[in-house]
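I have placed the structure first, in the form of structure tokens, so that the comments after it can refer back to it.
The values are calculated or read from the model by the stated rules, or taken from the named source; none is laboratory data. Note that the coordinates shown come from a computational prediction; the quantities given were computed from them, not determined experimentally. Quick reminder, even Gly has a Cβ in these numbers, built from the backbone with ideal geometry, and neighbours come from all protein chains shown. Accessible surface areas use protein heavy atoms only, side chains included; no ligands, DNA or RNA. Shrake-Rupley method; radii C 1.70, N 1.55, O 1.52, S 1.80 Å.
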Amino acid sequence: MSNTPINCPADLVLVNQNKIRIIALQVWLLAIVFWLTHIAASVALLVVDFFLRSFSLQQYSPLAFIADAVIKQLHIKSKQVDQAPKRFAARMGFAITSLLLLLNIIGIALLVNAIVALLIFFSFLESFFGICVGCHIYTYWIRVTRVFSK
């Protein structure tokens, strides 16, 4: 990566980073389940969950509900971060899992395997290291849109 700073979207609404990381762990586990079994229900659950978290319906998210229960049970303290980059990443997750589900239905195995590998990798980085790939992609997205808007 270059030495240029990462540009994350910001909306000054705070969310619990530890909850996000627990949700990412669940995404990672569900993606691995799909990779090993090709049971489409695991991806369908991810599509629905990413949709709910992307469009301000997180109170209905099954993964967020489980994350809240884990946090309460294990007494994990809250670490507040801005919500906007997490929402952007959830929208990317919605797009990726929707494409994954569609390609799985169509039966394009090579692309399915490549996309599920990306999902596993991205969710692993967020869950285990707190690295939001969405921020990096957003940075390049802004640069590309600036070039084309001139």
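Annotations for the structure displayed:
- P85 satisfies every condition listed in (1) touching a residue at least 24 places away in the same chain (Cβ under 8 Å); (2) in contact with a Leu (Cβ under 9 Å, 6 or more places away or on another chain); (3) within 18 Å of R21 (Cα to Cα) except (2).
- F65, sole failed condition from (1) open to solvent by 60 Å² or more (accessible area, probe 1.4 Å); (2) at pLDDT below 95; (3) within 16 Å of I22 (Cα to Cα): (2)
- Residue within segment 139-150 that is more than 25 Å from L12 (Cα to Cα) and of a type in the set (D, E, K, R) present: yes
- Check on W28, aromatic (F, W, Y), open to solvent by 70 Å² or more (accessible area, probe 1.4 Å) and under 29 Å from T139 (Cβ atoms): no
- Checking S54 against (1) open to solvent by less than 30 Å² (accessible area, probe 1.4 Å); (2) at pLDDT 95 or above, the condition it does not meet: (2)
- Residue, most open to solvent (accessible area, probe 1.4 Å), within segment 120-150, restricted to residues that are part of a loop (DSSP other than H, G, I, E, B) and without any contact (Cβ under 8 Å) to a residue 40 or more places away in the chain: K150
- The single condition from (1) within 13 Å of the chain's Cα centre (by Cα); (2) surrounded by 15 or more Cβ atoms within 10 Å (Cβ to Cβ); (3) without any contact (Cβ under 8 Å) to a residue 40 or more places away in the chain that S42 fails is (1).
- Helices (runs of 4 or more DSSP H) contained entirely in segment 1-119, each with at least 3 residues that are touching an Asp or Glu at 6+ places or on another chain (Cβ under 8 Å) and under 16 Å from C135 (Cα atoms): 17-37, 83-106
- Note on segment 69-107: residues that are under 15 Å from A40 (Cβ atoms), open to solvent by 70 Å² or more (accessible area, probe 1.4 Å) and more than 19 Å from the chain's Cα centre (by Cα) total 2.
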